[in-house]
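Written out below as structure tokens is the structure these notes cover.
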Amino acid sequence: MVEKARRSAVESDERGNPTRQWEVFVRNEEGDPMRHVGSVAAASGSEAHEHASRLFGWYAADIWLCPADEVERYSTRGLVDTAQERSDDDNGDDGSEEQRVYEETAGASEVNSL
Amino acid sequence: MISISKLLCDLDAEGDGLRYDAADDSEKPQITEEKQQRPVVVWNATRRCNLYCSHCYAGAETEAATGEFTTAEAKSFLDQLADFGAPVILFSGGEPLVRDDLVELVSYAADRGLRPVLSSNGTLITRETAAALRDAGLQYAGISVDGLPERNDRFRGEEGAFDAAVRGIEHCLEVGLKTGLRYTITEANAPDLEGVVDLLVEKGLDRFCFYHLDYGGRGAEIVDADLSPQAKREAIEQVADLTLAYHDRGEEIETLLVGNYADAAFLVEYARETFGEAKARAVYEHLERNGGDPTGERIADVDYQGNVHPTQFWQGYSLGNVRDRPFGEIWDDELNPLLEALRNREEHLRGKCADCQYQSVCRGGSRLRALAETGDLFAPDPQCYLHEDEVRGEGGPVVGGAAD
């Protein structure tokens, strides 16, 4: 399935939304591996634990939390990789004959101050 | 999403084409059975917004956020959704129109077979923008207005926002883009509801979506501004009355409710009182097929940094990030006990929801509101406004066989 072994770094230092994100790992039964179950937004570790407990306390015996921006991530299929692949496939041509960026909206962010 | 007009007026609404609970859009039947089981995906394309609304679930800011997708990353993300078979992508924000590449991304989504729809505050939609979005393949624009001018502008933190939104709506209608209103009902703006509908019908609008306040983002800070359950019931009754009044006059407006599935039960009761048992049964059966609250099943959200959420309102918890692994993989991972529980919530619901006779059309309402208010994921939705006898029933089937 994975055709290439080369993994690229996945950026993870800008995932606060806007509060800091904490990766959550839980274990239900003895002998199970810790399982990654997503992330919670929280200002501190204890707040993250409180938050994760409300979501997973009914299920988990163990809850581990790790700041999302402290996790080094490498993947063969991050968004950047697939964007690169598509760019290679397209060879600079997006296949459309029509211009996709309309001149008036290309500068829409300039109209930001209503 | 619950269509009052469909249920009560048997309107052959265009909205029937897509499944009921989908995003704010409408089209002729064209989505396959398989695709209907995939979620509508709300994408907060940017955190940036030109307004600062007091109830914003996304906590949008006037400044750009770090970590937003580049155009290339956004296209890869849209590829993920297309590969997964998501039927609809709802471009949301922040205000999606502040992204320079919105038209390009809408076009890319359409090319990939995703049905692009838009949620916007409308204030940046010029006639040219509306035409460009239409030409790019946009199928629907939902524009937010939250009260008559004075109240709306206070809510939205910008004088003139109401007039600018109405101009945006007019531009969409002028270029033939299907357009609807989004109105989040709170204690402050409930009195304006009817006036806003009247005003916008005059402008040619015929689709009105009423949102209940959910307790995420800045919405969580204004829980106190939410209507009381009783006032909420009255507001929904008002929308139902208003829908019937318009239809009686031959003006077939489409009215929809989002975000509180007590509305489903209420409409069965309303149909029974207004039209009788046979109608109540038809309404109930339709709602049962619809499936109740869609959180974690028929609706998904991806924020501007790639975090996947069970609904757009549940920004505090993420199932995973599409930068780490593809959306479909995250969404299908039922080894996540929370996701599994949301999809089998009947086994977990407590209190009055556990035994409610309307459970199959509501499914416990908002788990996020229950969590925010009680700390218990499976407690009853604090904004359930059903009367005790409606919840309990009287021993018989929820809808009887009067027509037999």
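The values are calculated or read from the model by the stated rules, or taken from the named source; none is laboratory data. All values reported here derive from a predicted model rather than from experimental measurement. FYI the Cβ positions are ideal-geometry reconstructions off the backbone, even for glycines, and counts take in every protein chain you see.
Key figures
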{"item": "Any chance B:GLY142 is small (Gly, Ala, Ser), at pLDDT 90 or above, over 29 Å from B:GLY365 (Cβ atoms) and surrounded by 17 or more Cβ atoms within 10 Å (Cβ to Cβ)", "result": "no"}
{"item": "Search result, residues across segment B:135-159 that are within 11 Å of chain A (Cβ to nearest Cβ) and touching a Gly at 6+ places or on another chain (Cβ under 8 Å)", "result": "B:ASP153"}
{"item": "Qualifying residue in segment B:55-69 (condition: modelled with pLDDT of 95 or more and within 11 Å of chain A (Cβ to nearest Cβ))", "result": "no"}
{"item": "Verdict on A:GLU72 being in contact with a Ser or Thr (Cβ under 9 Å, 6 or more places away or on another chain), surrounded by fewer than 16 Cβ atoms within 10 Å (Cβ to Cβ) and more than 11 Å from every other protein chain (Cβ to nearest Cβ)", "result": "yes"}
{"item": "Count - residues of segment B:305-340 that are of a type outside the set (Val, Ile, Thr), part of a helix (DSSP H, G or I) and more than 8 Å from every other protein chain (Cβ to nearest Cβ)", "result": "6"}
{"item": "Odd one out for B:GLU73 among (1) under 21 Å from the mean Cα position of the chain (by Cα); (2) within 11 Å of chain A (Cβ to nearest Cβ); (3) not aliphatic (A, V, I, L, M)", "result": "(1)"}
{"item": "Within segment A:5-18, tally of residues that are touching a strand residue (DSSP E or B) at 6+ places or on another chain (Cβ under 7 Å), at the interface with chain B (Cβ under 9 Å from one of its Cβ atoms) and of a type outside the set (S, T, N, Q)", "result": "2"}
{"item": "Test: residue in segment B:352-367 that is hydrophobic (A, V, I, L, M, F, W, C), in contact with a helix residue (DSSP H, G or I) (Cβ under 9 Å, 6 or more places away or on another chain) and within 12 Å of chain A (Cβ to nearest Cβ)", "result": "no"}
{"item": "Candidates A:LEU65, A:LEU55, filtered to the one that is modelled with pLDDT of 95 or more, outside any loop (DSSP other than H, G, I, E, B), at the interface with chain B (Cβ under 7 Å from one of its Cβ atoms) and under 26 Å from the mean Cα position of the chain (by Cα)", "result": "A:LEU55"}
{"item": "Extreme residue, surrounded by the fewest Cβ atoms within 10 Å (Cβ to Cβ), among residues of segment B:245-260 that are within 22 Å of the chain's Cα centre (by Cα) and assigned to a loop (DSSP other than H, G, I, E, B)", "result": "B:GLU252"}
{"item": "Qualifying residue in segment A:19-28 (condition: under 30 Å from B:ALA379 (Cα atoms), at pLDDT below 90 and within 12 Å of chain B (Cβ to nearest Cβ))", "result": "yes"}
{"item": "Conditions (1) within 12 Å of another protein chain (Cβ to nearest Cβ); (2) of a type outside the set (S, T, N, Q); (3) touching a Pro at 6+ places or on another chain (Cβ under 9 Å); number of the one not met by B:VAL302", "result": "(3)"}
{"item": "Wholly within segment B:122-238, helices (runs of 4 or more DSSP H) carrying at least 1 residues that are under 24 Å from B:ARG47 (Cα atoms) and touching a residue at least 24 places away in the same chain (Cβ under 8 Å)", "result": "B:127-136, B:149-156, B:161-174"}
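Residue by residue, here is whether (1) among the polar types (S, T, N, Q); (2) surrounded by fewer than 19 Cβ atoms within 10 Å (Cβ to Cβ); (3) at pLDDT below 90; (4) under 21 Å from B:ALA240 (Cβ atoms) holds:
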{"residue": "B:ARG156", "(1), (2), (3), (4)": "no, no, yes, no"}
{"residue": "B:GLY160", "(1), (2), (3), (4)": "no, yes, yes, no"}
{"residue": "B:ARG167", "(1), (2), (3), (4)": "no, yes, no, no"}
{"residue": "B:HIS171", "(1), (2), (3), (4)": "no, no, no, no"}
{"residue": "B:VAL175", "(1), (2), (3), (4)": "no, yes, no, no"}
{"residue": "B:ALA190", "(1), (2), (3), (4)": "no, yes, yes, yes"}
{"residue": "B:GLY195", "(1), (2), (3), (4)": "no, yes, no, yes"}
{"residue": "B:LEU200", "(1), (2), (3), (4)": "no, no, no, yes"}
{"residue": "B:GLY216", "(1), (2), (3), (4)": "no, no, yes, no"}
